[in-house]
Amino acid sequence: MAEAFGGGDDGLVLMQKVNFYPPCPQPELVLGFAPHTDLCALTVLVTDDVPGLQVSKDGRWYDVEHVPGALIINVGDQIEYRSVLHRVTVSKEKTRMSWPVFVHPRKDYVVGPHPRLVGGGIPAKYDYKDKTFEDYTYCKINKLPQ
Ligand SMILES: O=C(O)CCC(=O)C(=O)O
Ligand SMILES: [Fe+2]
């Protein structure tokens, strides 16, 4: 993956975060994390055994089963065929925690459709524009068109 994102020792950037979801007396009224896709390339996620993570498929939400010792890998926006839409619900009684590591390119790295996949008269399946990861992040965080 480091090679795909330009190679070099600093080709990939790892960002770790800790999520803490306290219990909520009315969990049906709130979400711990609203539906989103991760803006990185890949997310490597560890969670505790409290359920909460859900992924969207064909307009429905599916619980992600907790498998002790397993890592959850989410495809993010930068290597999208389709980055996974996901959200987190909260528990009435238990605190939940998760520990994602987001793998992303350098901020100046330009990401766009691979030329071999859109060259030779083959139209891009989606209308992606080449842009730096920094610009992509700025547009996404500020809800600007990509
Ligand atoms: O808490 C989780 O299981 C997922 C967290 C998440 O989606 C995120 O931090 O981007
Ligand atoms: Fe996420």
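The values are calculated or read from the model by the stated rules, or taken from the named source; none is laboratory data. Since we're looking at a predicted model, the values are computed, not measured. We place every Cβ from the backbone using ideal geometry, glycine too, and count neighbours over all the protein chains shown. To get the accessible areas, we keep the full protein, side chains included, count just its heavy atoms, and leave off ligands, DNA and RNA. Shrake-Rupley method; radii C 1.70, N 1.55, O 1.52, S 1.80 Å.
A few remarks follow.
- Loop-located trypsin sites (Lys or Arg not before Pro) in region 78-143 (DSSP state not H, G, I, E or B) with no more than 10 neighbouring Cβ atoms inside 10 Å: Arg82, Lys92, Lys125, Lys143.
- Between Gln146 and His114, full extension at 0.36 nm per residue minus the direct alpha carbon distance yields a gain of 9.8 nm.
- Estimated vicinal HN-Hα couplings, Hz - region 130-146 in sequence order (Karplus 6.51, -1.76, 1.60; Gly, Pro = x): 5, 7, 6, 4, 5, 5, 4, 4, 4, 5, 5, 5, 9, 6, 9, x, 7
- Surface share of carbon and sulfur [accessible, 1.4 angstrom probe, percent] for the chain: 59
- The chain: C-alpha gyration tensor shape, a/c 1.5 cut-off, then a/b vs b/c: prolate
- Amide H to amide H distances under 5 Å link Leu85 with Ser56, where only residues 5 or more positions off or on other chains count and H is placed in the peptide plane.
- Applying the criteria of a DSSP loop state and at most 13 other Cβ atoms within 10 Å to the GluC sites (Glu not before Pro) of region 48-146 yields Glu65, Glu93.
- Gap separating the Cα centres of region 28-54 and region 73-140, nearest whole Å: 15
- Å² of accessible area per residue within region 79-146, as computed with a 1.4 Å probe and no ligands counted: 70
- Spatially proximal lysines relative to Lys92 (Cα-Cα < 24 Å; intrachain offsets below 8 disregarded): Lys17
- For region 45-93, the equivalent ellipsoid derived from the Cα gyration tensor has semi-axes of 20, 15, 8 Å, listed largest first.
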